[in-house]
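Structure first, commentary second.
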Amino acid sequence: MSQEPDLLTRRHFLRTSILGAALSWTVPIFVERTFSLLNAEAAETATQIATGKDHPILVVLQLAGGNDGLNALVPFADDLYYRDRPTINIPRDKVLSLDGYVGFNPRMAPLKNLFDQGKLAVIQGVGYPNPNRSHFRSTEIWQTASDADKYVKTGWIGRYFDNCCAGEDPTVGVTIGSQLPQTFTAEKNTGIAMTPGGRLGFGKEADASEQQVFNELNGITQDHDLTSGASIGSINGPSEPTLSAVEYLQRTALDAQVGTDKIEAILKRTKPEAVYPKTPLGNELSLIARLISGGLPTRVYYASQGGYDTHNAQENSHNNLLGQLADALSAFSSDLTSKGIWDRVLVMTFSEFGRRVAENASKGTDHGTAAPMFICGGTVKPGLYGNHPSLSKLDQGDLIHTVDFRAVYTTVLNRWMKAPASKILGHDFAALSFV
Amino acid sequence: MLSQLSKEKWTYDTAAHLAARAGFGESPSRLEQWTHQGMEATVQELLHPANDTTPPPSCVVPNQFAELRERVQEATSPEGQVQARQALRQATNQQLYGLINWWTQRMLTTPAPLIEKMTLFWHGHFATSGFKVRSSYKLWQQNETFRQHALGNFATLTKAISRDPGMMVYLDLATSHAEHPNENFARELMELFTLGEGNYSEADIKESARAFTGYRIDRFEQFRFVKNQFDGGNKTFLQQSGNWNGDKIIDIILKQPVAAKFISSKLWKFFAYEDPDSQLIEKLAELFRQNYEIRPLLETIFSSEEFYSQHARNAIVKCPVQYVVESGRTLGVNIPSGRTLFAVYQRLGQVPFYPPNVKGWDGGKSWINTATLTFRYQLARQLVLGIRLVNEPQPAKPRLAAPSAEPSPLAQASPSAQTSPTTQTASSTALNVVRLPALPVDQLVTAEDRKDPEAVVRKICARAFQTTPDPQLFDRILAVAKLKPLPLADDAIRDLVALMMMTPNYQVC
């Protein structure tokens, strides 16, 4: 009875899923057992079955490279800002003031509009104790939600999948692009990475015997049509490290067939209802909007924008990045508003760290610590949260964080995703009130 | 010392295992020869190969596009500047595509596969990206430096890389000076290149950054030391005080016992398997620590019983470069060039000269996810059948820490120069269709073989899988072959090759 839902059971489940009865080796008793196993697991973990129609959706947006928070959310009323950044500051009269002390970079005007419409919250001074200034380590800390001196293998969203989405199909998490972020690393279900136009199969011209052998060699033994539309498409295998390389490949082939067919079907019947900027981020968000409106049972989407590692001559490049971010988010918000689903979506940005307060000799900024996070969505409680870090009381030239990033995650998990945050994060953090 | 593989355990399969790991696979006749000559002779052949006479790429001219750069500087209108920038970007991208193509071709044909495999290893280790460096000359120079020291001395290589103009741009060493030392290189030198995280302090980073000041690049894109930009003061680094320069910092680093372990472990994981036990690594590190010579370390690895153990077999997922090169080298499929090759590598998840960040590629199972596996299978069919190769203008975007905001070459240069210039409309839905010749089948099988499905499957399996395939896998492919009319036609054989390439087994070695 305490049989683990391993790779074998998962494949058997797919083989024996309702329509799988057409395949000759179906064992009806196994169907029953698999369902009871699923139900048992669902009961234990409060599985949230997603229908694709009404569950809340989170979009995690990574600003990769370390966003210079001080030139995005500018403390323009503080003379120390202008003293420490003599050449790369945002002039006081250009800043889009939010509260008389801080304001947005002028290239973020579309986000100022969202803020004014009450669709955007800004969390100031987000970081963590004993900050690490390595891109990789700090990204890992943000992605796994660990303490700075602890190493955790799974991602915080991956643990959400494990805890709340057991037995759901692999599209529960979708990342656009060809790399899965560590945020999604899970014991059971890691979600999928997708690029448009991909379908896994032997090819349209293949005859039946070739297609069958292809499926067998890849460990795919269900007819892929069987699972389309079903929200309990698969039981996922055990944690990846225990799989051999070949087993891991078989599992991925299965996920690809289950996931990409469904996605391609949605892309055929949806289109954007806003004009997106022709940037990589604009394309990603446009795609995500279509998948949401098409009813993909995805809880968490992951997108990213790179280029924030501005050590050198940062003025133009950083402003452009912020402009691209604001334009893309603004289009996303109009698109989802037109589609009538903006109320179901929450976008959360993060970056591995902010940057040093003082500019460097190359008219750029080096790796620092705390930075703001931006949260937008149809039902977000707008405004500024947390205190802006002091520019006079620094730790070795760096800002001291005022909000722990895991308090933000706690808010998102508890209040938005209705998930047990303390179990997923392993600590209790007081939630904020932006949701 | 690790125990050596005994003579009677050296077989065709061990030779094939070595060929895939220490290189990019070999032809069956070469593997027969290796089987016959024994392990020692084969390992020596890999470690002391014949000269590779590939000429340098045509794109390697220092300070190229100086005129285009001037046009950007001197543009009088914003539109003029945008145009000049675009012209410079496109010209630079074309050169970088040429460089990627050049190295791919070299790996395909080289008589010194281990040198190229180690060049690829060092490229991933001392990662430097064309996204930021934007000079095919600098990246080619760096590639030659990796090749020159591929099997040489790690201390010498590390010092050479600290003065390498590509690296100096990538990690901002070229703009670091005594008053404001830039810490980027100093940090990664310890975190990623030599010691690993946790084996030094933030203070060590600050102090060593001072020692790497005064490094400059001249207008011929060569290293130059500028003494008055150098901080010659006293520095305390890893508990030792002195007026250290950069080379001395590297010497002090390599005296740390953990350094030899860090590199030995990374090499073992690259060549053998991902989870070595600590005793094995300690034995390798003991040897490596003596003088940081790479050749004896590799000789030990490739001669060890552990390297050929069942645990090591089929345990490594081929990286995209190996997937592409090995398919060309062993099966003879035609490999695309230019921007198409760039796009192929991009969708497979590894573009040479464009690592995603300074950490290089994560490798291992992370090569494979639903998107990359789907593309591998689509590509296999296209390479073999020679049907169209479709480039979707996918935005190139490193997942992490892109060091510059330079847009992807794919994002702007829409359909490439290989197709009609009238399609240069930068539309995001435009597809770039390139035709490649199909796999030449006559190189794989004789007319006689074509009458016997089993002979055909045996011959192409030997090339595709190198080692003897799993009997079940063999039988299933044979079953498909037996359904086809005899003698087997070119396209029937191509179907079988594609089927083999579209299996989990083909993705591993």
With R₀ set to 22 angstrom, the calculated FRET efficiency between the beta-carbons of B:His311 and B:Val258, to the nearest 0.05, is 0.30
Between A:Arg269 and B:Phe220, what is the label-point separation in nm under the 7 Å Cα-to-beta-carbon projection? 6.7 nm
Given A:340-346, B:60-66, B:251-257, B:277-283, the highest-first ranking by average Cβ count within 10 Å works out to A:340-346, B:251-257, B:60-66, B:277-283
Between B:His48 and B:Ala178, what is the label-to-label distance in nm when each label sits 7 Å out along the Cα-to-Cβ direction? 4.9 nm
Residues whose built amide H sits under 5 Å from the amide H of A:Gly307, excluding neighbours closer than 5 in sequence, are A:Ala64, B:Ala401, B:Ala402
Need one value for B:349-358: mean number of C-beta atoms belonging to other chains within 10 Å of its residues' C-beta atoms. 2
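Go ahead and run the numbers for FRET between A:His427 and B:Asp362, Cβ-Cβ distance against an R0 of 30 Å, rounding to 0.05. The partial results should precede the final answer.
Values: r = 28 Å, r/R0 = 0.92.
Given R0 = 30 Å and the Cβ-Cβ separation, E is 0.60.
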Under the rule of at least 5 residues apart or a separate chain, name every residue whose amide H is placed under 5 Å from the amide H of A:Leu432. A:Thr411
In Hz, Karplus ³J(HN,Hα) per residue of segment A:367-383 (6.51, -1.76, 1.60; θ = phi - 60°; x = Gly, Pro): 4, x, 10, 5, 7, x, 10, 10, 10, 9, x, x, 10, 5, 8, x, x
Starting from the eigenvalues of the Cα gyration tensor, five times each then square-rooted, give me the equivalent ellipsoid semi-axes of segment B:441-507, largest first, whole Å. 18, 12, 11
Which value in nm describes the separation of the simple spin-label points at B:Asp475 and A:Glu216, placed 7 Å from the Cα toward the beta carbon? 0.9 nm
For segment B:473-481, take each phi angle, set θ = phi - 60°, evaluate the Karplus expression 6.51 cos²θ - 1.76 cosθ + 1.60, and give the result in whole Hz per residue in order, putting x for glycine and proline. 4, 4, 5, 5, 5, 4, 4, 5, 4
Proximal lysines relative to B:Lys206, as straight alpha-carbon distance under 25 Å, when same-chain residues fewer than 8 apart are discounted: A:Lys150, A:Lys363, A:Lys393, B:Lys132, B:Lys159, B:Lys227, B:Lys235, B:Lys248, B:Lys255, B:Lys261, B:Lys359
By the mean-Cβ-within-10 Å protection proxy, highest first, B:147-155, A:123-131 rank as A:123-131, B:147-155
Can you tell me what the convex hull of the Cα atoms of segment A:297-435 projects to on average, as an area in nm²? 9.8 nm²
For segment A:338-430: relative contact order, % (alpha-carbon pairs under 8 angstrom, 6 or more apart): 23 percent
For the protein assembly as shown, radius of gyration divided by Kirkwood radius, i.e. Rg to Rh on alpha-carbons: 0.95
Average other protein chain Cβ within 10 Å of Cβ, residues B:373-382: 6
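How much FRET efficiency would the formula 1/(1 + (r/R0)^6) give for B:Asn334 and B:Asp13, where r is the Cβ-Cβ distance and R0 is 35 Å, rounded to 0.05?
According to the calculation, E is roughly 0.75.
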Cβ-based exposure ranking for B:Ile115, B:Ile250, in which fewest neighbours within 10 Å come first: B:Ile115, B:Ile250
Taking placed amide H atoms and a strict 5 Å upper bound, the residues 5 or more places from A:Ile192 or on another chain that come that close are A:Gly173, A:Val174, A:Thr175
Which of the peptides A:308-314, A:428-434 is most tightly packed, and how do the rest follow, going by the mean number of other Cβ atoms within 10 Å of each residue? A:308-314, A:428-434
May I ask you to list the lysines whose Cα is less than 21 Å away from that of B:Lys451, ignoring any residue fewer than eight positions away on the same chain? B:Lys459, B:Lys482, B:Lys484
Euclidean distance of C-alpha centroids, segment B:435-508 and segment B:179-216, integer Å: 53 Å
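Quick one: of the DSSP bridges fully inside the protein assembly as shown, what percent are antiparallel, nearest 5?
Details: 27 of 50 bridges.
Within the protein assembly as shown, antiparallel bridges account for around 55 percent of the total.
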When the Kirkwood hydrodynamic radius is evaluated over all pairs of different C-alpha atoms of chain B, what value in angstrom, to one decimal, is obtained? 24.6 Å
Karplus couplings for segment B:150-162 from phi (6.51 cos²θ - 1.76 cosθ + 1.60, θ = phi - 60°), rounded to Hz, Gly and Pro as x? 3, 10, x, 10, 5, 5, 4, 4, 4, 5, 4, 5, 5
For segment B:165-219, listing trypsin sites (Lys or Arg not before Pro) in a DSSP loop whose Cβ sees at most 12 other Cβ atoms within 10 Å gives B:Arg219
Can you pull the mean other chain C-beta count within 10 Å for peptide B:292-301? 0
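None of the figures in this text is laboratory data; all of them are computed from the coordinates on show. Predicted model, so just to flag it, every value in this text is computed and none were measured. So basically every Cβ, Gly included, is an ideal-geometry build from the backbone, and we count neighbours across all protein chains shown.
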